Every structure is written in structure tokens, then in C-alpha cells.
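A short write-up of the structure that comes next.
The values are calculated or read from the model by the stated rules, or taken from the named source; none is laboratory data. Small disclaimer: the values here were computed from a predicted structure and weren't measured. Using ideal geometry, Cβ is built from the backbone for each residue, glycine included, and neighbour counts are taken over all protein chains shown. In case anyone asks, the SASA skips ligands and DNA or RNA and just uses the protein heavy atoms, side chains included. Shrake-Rupley method; radii C 1.70, N 1.55, O 1.52, S 1.80 Å.
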Amino acid sequence: MKKIMLTLFIATATLGNAQILNMIKDKVKDKTMSFAGDKVVNAITTEAITTNFKDCNTVDIKQPEFASGKNFVSLCRESFNKDTGYVLTPGYYQIQLKSFCLKAGTYAPSKGDGYLFAPLKGPKEEIINALVKNWYNHQDIPQEQVQSLVWAVIAKSSFKNLNTESKLVAARLLSKDQLLKLSKMGLDFIPADIMSKAKSNLPQPVQIALDAENKIRNFFSSSSSSYAELERLAMISGVNPEKSAIQYGTWGLHPDGYWVAYEPHGYREMTVKIFVPENLTSVSFIPSDQVAVPANTSSQRLMLSDMLNCN
């Protein structure tokens, strides 16, 4: 009888331990899945470039008509050095440049949008900076191909999903170390349920931007290579209905002491006006060190390139 009772006790204990072990495994699995889910959500919602209007000096500004009637010197035929840019003495200058969109899911610039200077910031700052700056040394690459790659990085697209053309452009514009970093980063297309979780409780403009980024990731995962299609996915059609807090062509004080006004013509072209005051001996103006940031969060942030767009 004692042997029977002992056998039953051991069997019950073993069964109980197995159930407890299974419960522990289930809890660990749930926590692991939750942790993995949180990591994906964090990856989705982390901006590649964080530069925004809060990075702008909104105190030291002048109205667009500040320099009306002044004679502006065109920089289109002036000498440019990648390291020192344009060396400018006191006076008024203007230049036409090519530019890049740094924010998907936003409206293209319009005459109602005012822009101010801000520096490039964010986890993908090094990659974006290299793509835009090094384009000057590879002027045979069409602007659309560079913009496609910029949007791919902004959308945190997986490098393996990029088409051959984009990979070749990346190989020409990035260092081996930067290319390695880029190849290790990125997301695939995210299913609707996970996107819904990631977007919950976020402001509407942020949700729109996240959706646009996911559509861009899906674009690069597909066989499509149409730039027009990519552009449609990356931008909101129409004119931004939100009224800008500052006017188009507003002048802002640059940290180096000169004044600058941005006048975008779409997202790919921009006229930049510069005023160097008499209290400065000279300044170094490097276009690709500048991001023109709109007061409207739903309008495009634009990075200047060193590439001229002069007639």
C-alpha cells in the first residue's frame, strides 16, 4: 500500500512539475513575443531623420520684403569648394540649387509654406548626408535615382529589397563602412495589424507619414521601378490646407551670423537668398549643410544639395 501511495505521489508531482514547466515556457514565450513586437513597433516609429521646426531659430527672423529692391549677386558662376563652399563677403547673394525631400507622407512645398534653417539630425544622418553631399562628385547620376535612395533610407527599407539600380547608386555614393551599415539596417513591408499597433495614439500627421513609409517599403519589395509611382506613394497630392506660421521667403538668422531665405519650387528645386551683414568679414556657405524646415509639420523638409540648378 505504501508503495502504491508513493508511486501516485511521484506521478502527481511529476505531472504538476510538467504543467508548471509548460506554464513557465508559455509565459516566457509570451514575453519574448511581446518584446519582439515592441522592438518592431519601435523600429517602425523611430524617425530616420529627426530634424524638425523645433530645431529652427524662430526668434531672429525678417519678413520676405526685408531685401526687396536690393541687387543680388548670383553664385551660379562663382567658384565652389566642397570643404569651404562659397566664401562670401558682406552683401546680398542668391543661388538656384537642387534639393531633396526628407519626409515621406507630406505635401510638396507651396507659396504658402515658410521655411527656416535647421541642421541635419537623426539616426540615418550619416547615410543621408553622404548620399546628398557625394552626389556632387557623381553628377552623371540622375537626381531621381538619388531621391529614390533617400526615400528608401527615410522609410527604413531593407537594403536587400532595393532594386539593382538603387544598390549601384548606393555603392557609388557611400563608403564601404556606410554601405555595410546600410546593408544591416531596414524593415520589410509591415502587416496591417502591427502597423495599427504602432500608430495607435500617435498624431494624424505622424500616422500618415508611417503609412507612407510602409508603402515605400512595399514598393521596394515589389518588382516596380516607376519613379512616378514611388513619388505618388511618398507625397500627399494637392496643396497643404494648413496655414503656415511664417511666410514663404521669410529670412532666418543662420548660426554663422548671416541671413538666409529659402524659396522652394517643388521639392527638387530651390532658390536660396543670402545676406552677409557688414559686421562679418566673410562666411562659408555650404548648401548641403542646410535643411530647410517648414513651419507646417505636414509639409516636406528639404535638404539642399551642392548641385546647381542655374539656367
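Flag not set for Ser305, criterion: outside any helix (DSSP H, G or I), more than 30 Å from Leu187 (Cβ to Cβ) and either touching a Leu at 6+ places or on another chain (Cβ under 9 Å) or β-branched (Val, Ile, Thr) (or both). Does at least one position in segment 244-266 carry a residue that is crowded, with 21+ Cβ neighbours inside 10 Å and under 15 Å from the mean Cα position of the chain (by Cα)? Within segment 244-266, none of the residues are crowded, with 21+ Cβ neighbours inside 10 Å and under 15 Å from the mean Cα position of the chain (by Cα).
For (1) in contact (Cβ under 8 Å) with a residue 24 or more places away in the chain; (2) touching a Pro at 6+ places or on another chain (Cβ under 6 Å); (3) surrounded by 13 or more Cβ atoms within 10 Å (Cβ to Cβ); (4) not in a strand (DSSP E or B), each residue gets a yes or a no:
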position: Val59; (1), (2), (3), (4): no, no, no, yes
position: Glu65; (1), (2), (3), (4): no, no, no, yes
position: Cys76; (1), (2), (3), (4): yes, no, yes, yes
position: Tyr93; (1), (2), (3), (4): yes, no, yes, no
position: Phe100; (1), (2), (3), (4): yes, no, yes, no
position: Lys103; (1), (2), (3), (4): yes, no, yes, yes
position: Pro109; (1), (2), (3), (4): yes, yes, yes, yes
position: Lys121; (1), (2), (3), (4): yes, no, yes, yes
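If you go through segment 278-293 one residue at a time, do you hit one that is open to solvent by less than 20 Å² (accessible area, probe 1.4 Å), of a type in the set (Phe, Trp, Tyr) and touching a strand residue (DSSP E or B) at 6+ places or on another chain (Cβ under 7 Å)? So far as segment 278-293 goes, yes, one or more of its residues are open to solvent by less than 20 Å² (accessible area, probe 1.4 Å), of a type in the set (Phe, Trp, Tyr) and touching a strand residue (DSSP E or B) at 6+ places or on another chain (Cβ under 7 Å).
For Glu269, the stated conditions do not hold, so it cannot be described as touching a residue at least 12 places away in the same chain (Cβ under 8 Å), surrounded by fewer than 23 Cβ atoms within 10 Å (Cβ to Cβ), closer than 14 Å to Gly114 by Cβ and touching a strand residue (DSSP E or B) at 6+ places or on another chain (Cβ under 8 Å). Scanning segment 132-141 turns up one or more residues that are among the β-branched types (Val, Ile, Thr) and not in a loop (DSSP other than H, G, I, E, B). Would you point out the residue of segment 36-83, among those that are among the acidic types (Asp, Glu) and within 24 Å of Leu308 (Cβ to Cβ), that is modelled with the lowest pLDDT? Of everything passing the filter in segment 36-83, Asp83 is modelled with the lowest pLDDT.
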